[in-house]
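Report on the following structure.
The values are calculated or read from the model by the stated rules, or taken from the named source; none is laboratory data. Keep in mind it's a predicted model, so treat the numbers as computed, not measured. Virtual Cβ from ideal backbone geometry, glycine too; neighbours counted across all protein chains shown.
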Amino acid sequence: MNTRDLVGYGASPPAARWPGGARVAVNFVINYEEGAENSVLNGDKGSENFLSDMVGAASHPDRAMAMESLYEYGSRAGFWRLHRIFTERAAPVTVFGVAKALEANREAVEAMLSAGWEIASHGLRWIDYQTVPEGVERAHIAEAVALHTRLTGSRPLGFYQGRSSPNTARLVAEEGGFVYDADSYADDLPYYDRKHASENGGRAQLIVPYSLDTNDMKFVAYNGFAEGTQFYRYLVDAFEQLREEGGRMMSIGLHGRIAGRPGRAIAVAQFLEHVLASGDAWVARRIDIARHWLETHPA
């Protein structure tokens with residue numbers, strides 16, 4: 001049986017009715033993963049080989065010092081550059097925080113909380129869950145929630161595994177405490193997943209989809225951006241198209257070790273200025289978008 005929804009809202013998406021009459025809701029996401037990636041220090045079989053400036057790097061059965069240092073840049077320097085960009089402009093942010101990465105840098109967690117940012121769960125580890133046994137992934141989600149709660153003082157209300165498995169959506173619904181699930185790239189608007197309602201007390205799970213195109217990961221992909229100006233132009237084009245259509249949502253994905261580099265961070269700052277100057281964008285945390293959708297379009 002095909003359980004995929006290839007129709008969605010079709011030709012008639014619902015009226016978003018964003019606050020203040022905004023034509024587009026904009027959510028900036030900072031992915032905080034550094035220290036939770038694959039590493040023999042974390043008990044993994046090899047080193048990380050994904051999402052760094054060493055495009056196409058191999059995984060080694062020992063420590064890969066260059067890869068480790070690229071990730072360390074994200075937590076040591078890049079995160080703080082992005083933090084300054086958003087806090088100086090009082091712009092709200094959602095953090096997709098991997099629990100083990102947050103645990104390794106309490107100062108960064110305090111900075112996120114002091115800024116009033118939302119910290120959503122990015123799982124327990126920054127690893128590929130595609131072939132991880134269901135029971136292990138379930139245990140990891142539970143541990144992520146417990147550790148996240150201890151570190152931040154409150155449980156995460158959003159979830160994004162990132163490198164998800166065929167079981168992830170069901171396990172998130174089964175956990176039952178997430179206001180939204182972000183492990184989808186299927187739409188420009190939030191929607192409801194009813195496939196796993198039975199695991200969620202009969203409640204449809206709200207999905208607030210993410211994006212991989214308006215995302216700095218394209219800097220470290222073979223078909224990606226080569227310079228900050230390209231990133232800026234693409235973000236502006238996407239924003240203006242969604243703004244013209246009206247009633248849409250835009251997600252921008254950032255990482256300290258990628259967009260936190262100086263030649264890329266300037267593009268982030270310039271785009272943020274463009275959005276704020278537009279006058280008809282609602283820059284919001286993902287949890288605020290989720291709550292608006294739940295109130296405006298109940299399941």
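Among the criteria (1) surrounded by fewer than 15 Cβ atoms within 10 Å (Cβ to Cβ); (2) under 21 Å from the mean Cα position of the chain (by Cα), the one L242 does not fulfil is (1).
The residues in segment 125-179 that are small (G, A, S) and under 15 Å from K100 (Cβ atoms) can be counted, and the count is 5. Considering the conditions (1) surrounded by fewer than 17 Cβ atoms within 10 Å (Cβ to Cβ); (2) touching a residue at least 40 places away in the same chain (Cβ under 8 Å); (3) under 22 Å from V93 (Cβ atoms); (4) of a type outside the set (G, A, S), D213 is excluded by exactly one of them, (2).
This table checks each residue for (1) in contact with a Leu (Cβ under 7 Å, 6 or more places away or on another chain); (2) touching a residue at least 12 places away in the same chain (Cβ under 8 Å); (3) among the aliphatic types (A, V, I, L, M).
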site	(1), (2), (3)
G8	no, yes, no
A11	no, no, yes
N38	no, yes, no
Y71	no, yes, no
V95	no, yes, yes
A101	no, yes, yes
A108	no, yes, yes
G116	no, yes, no
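In this structure, does I119 turn out to be modelled with pLDDT of 95 or more, closer than 19 Å to L82 by Cα and not acidic (D, E)? In short, yes.
This table checks each residue for (1) under 23 Å from R257 (Cα atoms); (2) surrounded by fewer than 18 Cβ atoms within 10 Å (Cβ to Cβ); (3) among the polar types (S, T, N, Q); (4) touching a Lys or Arg at 6+ places or on another chain (Cβ under 7 Å).
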position	(1), (2), (3), (4)
M112	yes, no, no, no
A120	yes, no, no, yes
G135	no, yes, no, no
E143	no, yes, no, no
K195	no, yes, no, no
V208	no, no, no, yes
K218	yes, no, no, no
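Considered as a group, the residues in segment 248-299 that are of a type in the set (G, A, S) and surrounded by fewer than 21 Cβ atoms within 10 Å (Cβ to Cβ) include one that is nearest to Y71 (Cα to Cα), and that residue is G263. Within segment 50-101, restricting attention to residues that are within 29 Å of L113 (Cβ to Cβ) and β-branched (V, I, T), the residue that is surrounded by the fewest Cβ atoms within 10 Å (Cβ to Cβ) is T87. Please indicate, with yes or no, whether at least one residue in segment 121-142 is within 25 Å of S47 (Cα to Cα), of a type in the set (D, E, K, R) and under 16 Å from the mean Cα position of the chain (by Cα). For segment 121-142, residues within 25 Å of S47 (Cα to Cα), of a type in the set (D, E, K, R) and under 16 Å from the mean Cα position of the chain (by Cα): present. Quick check: anything in segment 220-235 farther than 21 Å from E273 by Cα, small (G, A, S) and in contact (Cβ under 8 Å) with a residue 40 or more places away in the chain? The answer is yes; a qualifying residue exists. Applying the criterion of being at pLDDT below 95 and assigned to a loop (DSSP other than H, G, I, E, B) to the residues of segment 182-202, the residue that is farthest from A11 (Cα to Cα) is G201.
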